[in-house]
There are 2 protein chains.
Amino acid sequence: MSSVHSCARALARWPQRPGQLQHAWRLPSNNTFSTSPVLAGNRAIVYNTNGDPARVLSAFSFPELPPPPPNTANIRFLLAPINPADINVIEGVYPAKPEPDVSLCQAKDHPIFVGGNEGLGKVMDIGEGVVDLQKDDWVVMTKAQSGTWSSAKNVALSDVLKVPKGLSEAQAATITVNPPTAYNMLHDFAQLAEGDWIVQNGANGAVGQAVIQIAAAKGYKTINFIRDRDDVELLKQHLELLGATHVVTYDELSDKSLRAKVKTWTGGKDIRLGLNCVSGKTTTLMARLLGNNAHLVSYGAMSKEPLSLPTSLFIFKNLACHGFWQTRWYSNKSLEQRQELLKTLAALMRDGKLRDPDHEVFTIGGTESDVSASEKICNLLARLGQGMYGKKVLLRVEETA
Amino acid sequence: MSSVHSCARALARWPQRPGQLQHAWRLPSNNTFSTSPVLAGNRAIVYNTNGDPARVLSAFSFPELPPPPPNTANIRFLLAPINPADINVIEGVYPAKPEPDVSLCQAKDHPIFVGGNEGLGKVMDIGEGVVDLQKDDWVVMTKAQSGTWSSAKNVALSDVLKVPKGLSEAQAATITVNPPTAYNMLHDFAQLAEGDWIVQNGANGAVGQAVIQIAAAKGYKTINFIRDRDDVELLKQHLELLGATHVVTYDELSDKSLRAKVKTWTGGKDIRLGLNCVSGKTTTLMARLLGNNAHLVSYGAMSKEPLSLPTSLFIFKNLACHGFWQTRWYSNKSLEQRQELLKTLAALMRDGKLRDPDHEVFTIGGTESDVSASEKICNLLARLGQGMYGKKVLLRVEETA
């Protein structure tokens, strides 16, 4: 079955689900496509217009992949996380835009996008010229927005990295975004040595927890800021078990006495690295804890407030502010550098120094219909949008029966 | 006459001037000092407590300097600017603090500070071991807060640089703060090539005007932001004559249409350097004009507002924010590096590429009494505090008769 065929099925099926897609998806006036029954094969979670993921996402069946062309591999996705940035991509508010998946629909004026940026795949078949990969190897994607919410995909060799042995599926499926963000932020800006101190906010996030663990493995001390909450003592204990030196709420950060406390903790040593995924007022306070010649690295802005800092910190304390985006890191680095980083992170995981993120697996079963699968994924995204999940959700899209 | 003697005169004289110094300056209870007539010799503009310069400054006579100790020189100051930072130092709100001048008063609980950070001196006498300087050479200070508002001073060789020939007194007296700030900001952050664009605010300030000229000499294009004012067209013309490519008011910057205009000017080329001495809202707008991988360098905050930027500029456009402080530059660099920079700037001045700042010379005459000189300097600082001077004021403190 041709991919145009799959596309035709989508064109025919989508308008039947009320409130979803029918406005954005219009049949070409000279429609030559025809509907066809759902075939056994694969499935992807797709959208054709930006918007609320709970409204624009659909499950979309497509046939078995053809044999892989030279220098590519066919992979089966085992697990793919739903990261916050994935939501922003679907909403259309993220700077990295996916390319339409032309293997699913070739009609240029009807693009189909597959959700998901990160994921773990297993090699099913390799094309001519592929020597570094073999069947059953695990690979992860380093090309941004490659569409991982799918059961299978044909991928270029240059867009994947082979995963070292010894990791769990969950570790491997989440190794290309958050752990490298944490690792690179700890290494690319300030030259830290064992015993040095860092501060970070949003410390309970996936990146924050990776920062705590990698810093602990390197012998760096961390002061970690979190939101106050009902179970704050439990969370503090959890982060301390991961290796956090101190865990402090933003309320405690707002209290002037914290400054003296921090001085006691550090013995007056300058803190030379701050990591920020919050911005707004509490980040201004956190920046004031930094010493001379410090770097403040931002990778998020959960407060949706700007990063606002007294100019004097820049002029007289030589503060430097940067941003970090793992997507840019990948696009600036060679395949060898990417592989090297993956090995380093995998070693930390195997040594028990970097744990699985708290997660649950959400499976789209192979026997479900596309309509039922679509409802399921939209319900999930609605719950995620309301912040109903504390844990990282890892999507498993099974082959269709 | 000993320096303790001078100190005693100050202790005795200051309380006689109402509203000035008497609160901060208290005679030691076991006062063994005595008053003495004013002797021929030197004079400095001094203070002993932080506060409004118009209230805390005094003229203070002191005798001829003793012969210079080894590796020092006695210099006569020819001109010393009154820079905005000098006011902040006297107010006590500047991070760089002067040391008390123990040659004027050795009593530790009664420090005397000489105002002024920058200045041009002429070598009058050299101590043993001095080979690089001779009588009548011109020198400038690279030690911060060395107290230049004076007729004479003994200086360590390591704290001064010899001025290349061919400059005017005004050029040499103002060569160590603003021109190097401009030069280093243009060179230390972004790697610019001829035809590249920069943006800056406060473009009519002394640094801003130096930026325009040095950039023009290097073939960089500048977009310069200034406050709207009655004579704005005159100011625009003046800056364009100096080499500004475009001059734009903050009001025009607030208009959304500017973005398209800038794109037309630059031909869509990324602007990779922004220089900021204002902060606040207009700087946020200016930062949005920067392209990918740009550097925003702050050296002032005239708005007294923080520097507030969308976090997305850091993450997705790889903006980096820094501060620049010429004082730190000097303290981090070798004597050779300082000399090299001075030569470069002097060459630009001699070639007519970097003009005298608009200035007027304010002379404290040698025949005036300290009381009259004190009144004069306080009146001047009061007028400066009210923003009554458009021009840079260069102080000339004459030897006393």
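The values are calculated or read from the model by the stated rules, or taken from the named source; none is laboratory data. It should be emphasised that the depicted structure is a prediction, and the values quoted were computed from it without experimental measurement. A quick note on method: Cβ atoms are made from the backbone with ideal geometry, for glycine too, and the neighbour counts reach across all protein chains shown. The protein model used for the area step is the full one, side chains on, heavy atoms only, and it has no ligands, DNA or RNA in it. Shrake-Rupley method; radii C 1.70, N 1.55, O 1.52, S 1.80 Å.
Listed values, structure above:
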read-out: Projected label distance in nm at A:Glu64 and A:Lys165, using a 7 Å step from Cα toward the beta-carbon; value: 2.9
read-out: Chain A - mean residue ellipticity at 222 nm from DSSP helices (-39,500 (n - 2.57) per run, n ≥ 4, rounded to 500); value: -9500 deg cm²/dmol
read-out: Inter-centroid distance (Cα atoms) of region A:365-396 relative to region B:165-217, Å; value: 58
read-out: Using a Förster distance of 51 Å, the FRET efficiency for B:Lys143-A:Thr367 (Cβ separation, nearest 0.05); value: 0.05
read-out: Pseudo-label separations to other copies for A:Lys269 - Cα-to-Cβ vector, 7 Å, nm; value: 4.6
read-out: Max mean-square fluctuation residue, GNM over chain B, Cα-Cα springs under 10 Å, options B:Lys256, B:Lys97, B:Lys165; value: B:Lys256
read-out: Region B:239-300-region A:56-133 distance, computed between alpha-carbon centres (Å); value: 40
read-out: Residue-normalised accessible area of region B:178-327, given per residue in Å² at a 1.4 Å probe; value: 39
read-out: C-alpha long axis of helix A:335-350 to longest principal axis of chain A, angle in °; value: 70
read-out: Highest-MSF residue in chain A out of A:Asn42, A:Asn224, A:Asn293 [GNM, Cα springs under 10 Å]; value: A:Asn293
read-out: Only Lys, Arg (+1) and Asp, Glu (-1) charged, at Cβ; region A:178-327 dipole about Cα centre in debye; value: 420
read-out: Virtual spin-label span in nm between A:Ala382 and B:Asn292, 7 Å along Cα→Cβ; value: 3.9
read-out: Shielding by partners - mean other protein chain Cβ count within 10 Å, residues of B:322-330; value: 4
read-out: Spin-label pair B:Asp136/B:Ala193, simplified geometry with 7 Å Cα→Cβ offset, distance in nm; value: 4.8
read-out: Where region A:94-151 is the region considered: accessible area per residue in Å², 1.4 Å probe; value: 44
read-out: Degrees, to the nearest 10: A:206-218 long Cα axis against longest axis of chain A; value: 50
read-out: Difference of contour (0.36 nm per residue) and Cα-Cα distance, A:Glu360 to A:Ala156; value: 70.5 nm
read-out: Which listed pairs, of A:Lys122/A:Lys376; A:Lys122/A:Lys353; B:Lys108/B:Lys153; B:Lys218/B:Lys269, have C-alpha distances above 22 Å, in listed order; value: A:Lys122/A:Lys376; A:Lys122/A:Lys353
read-out: Antiparallel bridge percentage (DSSP; both residues within the protein assembly as shown; nearest 5); value: 55
read-out: Sequence-separation-based contact order of region A:178-327, relative, with Cα cut under 8 Å and 6+ spacing, percent; value: 22
read-out: Fully extended contour minus Cα-Cα distance, from A:Gln339 to A:Asn71, at 0.36 nm per residue; value: 94.7 nm
read-out: Estimated FRET transfer efficiency when R0 is 51 angstrom, pair B:Glu128-A:Glu240 (beta carbons, to 0.05); value: 0.20
read-out: Average beta carbon contacts from partner chains per residue of A:274-280, 10 Å cutoff; value: 2
read-out: Nearest-ten-degree value, helix A:370-385 long axis tilted from longest Cα axis of chain A; value: 20
read-out: Formal net charge of residues neighbouring B:Val232 (Cβ-Cβ distance under 14 Å; K, R +1; D, E -1); value: -4
read-out: Length-normalised contact order for chain A - Cα pairs under 8 Å, 6+ apart - percent; value: 18
read-out: Accessible area (Å², 1.4 Å probe, nearest 10) - A:Arg288; value: 100
read-out: Label zone at B:Lys304 (point 7 Å along Cα-to-Cβ), backbone N below 20 Å, region B:204-233; value: B:205, B:227-228
read-out: Number of partner chain Cβ atoms within 10 Å, mean per residue of A:93-102; value: 1
read-out: Charge sum, other residues only, whose C-beta stays under 14 Å from B:Gln213's C-beta, Lys/Arg counted +1 and Asp/Glu -1; value: +1
read-out: Reach of B:Lys263 by Cα under 16 Å, taken over lysines that are not fewer than 8 positions away in the same chain; value: B:Lys221
